[in-house]
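*Asks:* Encoded as structure tokens, here's the structure I'll be asking about.
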Protein chains: 6
Amino acid sequence: MSGKALVTLVEYEMADAEVRAVYDDIMETRKSDWINNFWKVLAHDPALLKRTWESIKQVMAPGALDPLTKELIYIAVSATNGCEYCTYSHTAGARAKGMTEEQFMEVLSVVGMANETNRLANALRPPVDVQFQPHD
Amino acid sequence: MSGKALVTLVEYEMADAEVRAVYDDIMETRKSDWINNFWKVLAHDPALLKRTWESIKQVMAPGALDPLTKELIYIAVSATNGCEYCTYSHTAGARAKGMTEEQFMEVLSVVGMANETNRLANALRPPVDVQFQPHD
Amino acid sequence: MSGKALVTLVEYEMADAEVRAVYDDIMETRKSDWINNFWKVLAHDPALLKRTWESIKQVMAPGALDPLTKELIYIAVSATNGCEYCTYSHTAGARAKGMTEEQFMEVLSVVGMANETNRLANALRPPVDVQFQPHD
Amino acid sequence: MSGKALVTLVEYEMADAEVRAVYDDIMETRKSDWINNFWKVLAHDPALLKRTWESIKQVMAPGALDPLTKELIYIAVSATNGCEYCTYSHTAGARAKGMTEEQFMEVLSVVGMANETNRLANALRPPVDVQFQPHD
Amino acid sequence: MSGKALVTLVEYEMADAEVRAVYDDIMETRKSDWINNFWKVLAHDPALLKRTWESIKQVMAPGALDPLTKELIYIAVSATNGCEYCTYSHTAGARAKGMTEEQFMEVLSVVGMANETNRLANALRPPVDVQFQPHD
Amino acid sequence: MSGKALVTLVEYEMADAEVRAVYDDIMETRKSDWINNFWKVLAHDPALLKRTWESIKQVMAPGALDPLTKELIYIAVSATNGCEYCTYSHTAGARAKGMTEEQFMEVLSVVGMANETNRLANALRPPVDVQFQPHD
């Protein structure tokens, strides 16, 4: 947050056509008029930028789960991994999609318990119960 | 899954009154007639057993988020941490609460992308955009 | 636990002099008459074997902390990382150094809470209090 | 450390009775006259605040392990997970309980080696020795 | 390794055209006549299967880095995360691309040291030296 | 980056002979005239400083892998673990050894995909294919 990025930020003005096409699609899809810094660092590798954006666009679209639930899951993973940038960006994203303060705190309550019980299970190594085995 | 647990499984019959009270509450809350192995290893420390169960019971109850969404978040964290036992138990739990195969695969799609972009952000260290800063 | 190691186990009989010297020092230091599998896989790289053993020997020796406390810390890290082999070997090691069942469960209680609160802090990003800043 | 928290800090003056009761118990238990920021962000969810504090209070109390050893384990887990806030707060906590510089560096030596050997074991997958299997 | 997958394996014979097209491309690209189980579980979500395969195919192709170096990096990440399946599959993949036993052990030596020093840095929090700041 | 280290920086002038000997070797080996902050915090424990430096020196030297490849692996692990200091220092180190921007972005592409597929495998638990089992 306080330091410089490891690579420069590729601003729209200095971007080539391939990068601008992705930037344009990001803004159009999100109905916004700016590009956040995550994409500006990925733009040093246009193939990486394009692939990551297209995957995110596909994965976060409405499907069997609604977009807000997907943002909550993104917050859960980012908190577990300790990614500062992702925590700020996806909390903002979830709020923009309607996440209430109460929902945010409940996500974190589940994240906290899951991280706790994951370690208790990994340390004590109880055998997986036959009832939990998937059926054929 | 294949090895022995690090401590013995405390079965209901050999459990003392304090442990049995927790086991009874687990079965009553879940409307089931068996105790899964996770609780049987925690039972070596009745205070840990009771505290963990009561926290889980409180956290996973319906609130600002429904119980299925909470199970999906649990799966997301367990997959990120690589907890085998928790992956099996919470996938079974989510299925029992109605998770479809399509929803399961979508959760994992989000988990996969989040784990990918978390590392891209942690490696390239883009500054957090001012637009993502929480307002006062 | 159930699969084969990624490299073969280098047994004492087939080991060269450099590896045997490390194996001998392990057994002498631990006053035991066998080598556990961890060292047998490292032995494919004698420099790695020797460096790792000498570091472990130095780090786990009595110092400002007693050897049992060091084993408890090893268990805490291994549980957090989900290392199956290390969980079994260091729990056995701690028990051999006198760890009681009650101590084992207490270590895991702390590990569980730390993993929980680590994520709550990483998600909510409270500023570090000035009172916690180290003094000059 | 440099950014804003994801939620506002709930100061004592603006807190409701439920939150104040927890804050009072924290200060009384710790014999201090201030509340650190971790609790002030959790206070957005009074149930989470109360549950986390009561669990921490129970887990960190003297038991089969002394409070300093528990703080050392907390440092070990927080360092492994890379939690900045927790690293500062629990190092301060351990120092307040008497941790010397020498002990601090030894904890980190063990943490470093455990993180190294955890990966060597996870990569090479040596079978768990039968001697490490818990006895019935 | 010992348990059942969380979903059934989608074998070629039972796969629909969309999945078969990906399977065919995997075998053609790799010049092999079988599909490994990772793809057979992803096949429950054809979009996830296709997206993941196409990303992998693009990322692992020769570029500024040769394919073997990319496999070594894959092993390094998988060992760090403790992914059993990935450890076996990418070690096999690297060996098929010519990785020697000596190279394998050297990768793991670096992985071990990086995991150690990552935690020492995360625990002691030395300021990033100005000399390491990227230039504009 | 913005906070103070958890211990003071041991500058050359205030260091004792044991620490200075390591500092001298670092500068001589690297043909540089300064010591980065990582070593200055480790210097609070001269045995830890010496052991870590000598291990790093041995591990990062040319061997079956060239020094640049080793730096790339270090970046991969540091990005996966989210170590800010290590990300800056090893990116600088790799650039000094000739890493191009294209190579840097490709390393991160592989790191991103590996972190994604590691979680898909850990969540879906496909059995390890017999073809991936190491031969005897």
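*Asks:* If one takes the longest principal axis of the Cα atoms in chain E, at what angle in degrees, from 0 to 90 and to the nearest 10, does the Cα axis of helix E:101-124 lie?
*Replies:* 60 degrees
*Asks:* In degrees between 0 and 90, to the nearest 10, how far off the longest principal axis of chain C does helix C:46-60 point, with axes built from Cα atoms?
*Replies:* Compared with the principal axis, the helix lies near 50 degrees.
*Asks:* Relative contact order for the stretch E:4-131: what is it in percent, counting Cα pairs under 8 Å that are at least 6 residues apart?
*Replies:* Here the relative contact order equals 17 percent.
*Asks:* Peptide D:51-59: average number of partner chain Cβ atoms within 10 Å per residue?
*Replies:* 6
*Asks:* Out of every Cα pair in the stretch A:9-74, what percent are spaced more than 15 Å from each other?
*Replies:* Of all Cα-Cα distances in the stretch A:9-74, 52 percent exceed 15 Å.
*Asks:* Per the Kirkwood definition applied to all pairs of different Cα atoms, how many angstroms is the hydrodynamic radius of the stretch D:25-131?
*Replies:* 16.0 Å
*Asks:* While we're on this one: Compare the Cα positions of D:His90, D:Gln131, D:Val59 along the charge dipole of chain D (+1 at Cβ of Lys, Arg; -1 at Cβ of Asp, Glu; about the Cα centre) and return the one farthest towards the positive end.
*Replies:* Going by the Cα projections, it comes out as D:Gln131.
*Asks:* Report the dimensions of the protein assembly as shown along its three principal axes from the alpha-carbon atoms, largest first, rounded to Å.
*Replies:* 63, 62, 52
*Asks:* Additional query: Please average, across the residues of C:7-15, the number of beta carbons from any other chain that are within 10 Å of each residue's own beta carbon, and give a whole number.
*Replies:* Average per residue, whole number: 2.
*Asks:* With charges only on Cβ, +1 for K and R and -1 for D and E, what is the dipole size of chain F about its Cα centre, in debye, rounded to 20?
*Replies:* 220 debye
*Asks:* With the label 7 angstrom out along Cα to Cβ, how close does A:Ala47 come to the same site in each of the other copies, in nm, nearest first?
*Replies:* 2.5, 3.3, 5.0, 5.0, 5.8
*Asks:* Another question, if that's okay. Based only on other Cβ atoms within 10 Å, what is the fewest-to-most ordering of D:Asp129, C:Asp16?
*Replies:* Final ranking by Cβ density, sparse to dense: C:Asp16, D:Asp129.
*Asks:* Hey, for F:Val130 with labels 7 Å out along Cα-Cβ, what do the inter-copy distances come to in nm, ordered shortest first?
*Replies:* Once sorted, the set of distances for F:Val130 reads 2.6, 2.6, 6.4, 6.4, 6.9 nm.
*Asks:* Pull out the extension gain between A:Ala64 and A:Arg20, defined as 0.36 nm times the separation in residues minus the alpha carbon to alpha carbon distance; nm, one decimal.
*Replies:* Taking 0.36 nm per residue and subtracting the Cα distance, the gain is 12.7 nm.
*Asks:* Which order results if B:Arg30, B:Arg119, F:Arg51 are arranged by neighbouring Cβ count within 10 Å, fewest first?
*Replies:* Numbers: B:Arg30 14, B:Arg119 27, F:Arg51 21.
Starting with the residue having the fewest Cβ neighbours, the order is B:Arg30, F:Arg51, B:Arg119.
*Asks:* Does anyone have the angle between helix E:84-96 and the longest principal axis of chain E? Alpha-carbon axes, 0 to 90°, nearest 10?
*Replies:* 90 degrees
*Asks:* For the protein assembly as shown, give the magnitude of the charge dipole about the Cα centre (Cβ charges: +1 Lys/Arg, -1 Asp/Glu; no others), in debye to the nearest 20.
*Replies:* 0 debye
*Asks:* Okay, helix-only estimate at 222 nm for the protein assembly as shown: each DSSP H run of n ≥ 4 adds -39500 (n - 2.57), divide by all residues, round to 500 deg cm²/dmol; what do you get? Display every interim value, and only then the final one.
*Replies:* Values: 36 runs with 522 residues, N = 816.
Result for the protein assembly as shown, helices only: -21000 deg cm²/dmol.
*Asks:* Next question. Any chance you could tell me what percent of the C-alpha pair distances in the stretch F:78-118 go past 14 Å?
*Replies:* On the way: 427 of 820 pairs.
When all Cα pairs of the stretch F:78-118 are counted, 52 percent exceed 14 Å.
*Asks:* Counting partner chain Cβ atoms within 10 Å of every residue's Cβ in B:65-75, what's the average? Can you show the working numbers first?
*Replies:* Numbers: counts 10, 1, 0, 1, 10, 7, 1, 7, 14, 7, 5.
Average neighbour count from other chains, rounded to a whole number: 6.
*Asks:* Using the count of nearby Cβ atoms within 10 Å as a rough guide to exposure, how do B:His135, D:His90, C:His44 rank from fewest to most?
*Replies:* B:His135, C:His44, D:His90
*Asks:* From the label point of F:Asp33, set 7 Å along Cα to the beta carbon, how far off in nm is each other copy's matching point, shortest first?
*Replies:* 5.2, 5.2, 6.2, 6.6, 8.3
Every read-out reported here was derived from the displayed coordinates using simple, explicitly stated rules and does not represent laboratory data. Computed from a predicted model, the values in this text were never measured in an experiment. When we count neighbours, we look across all protein chains shown, and the Cβ atoms used for this are built from the backbone with ideal geometry, even at glycine.
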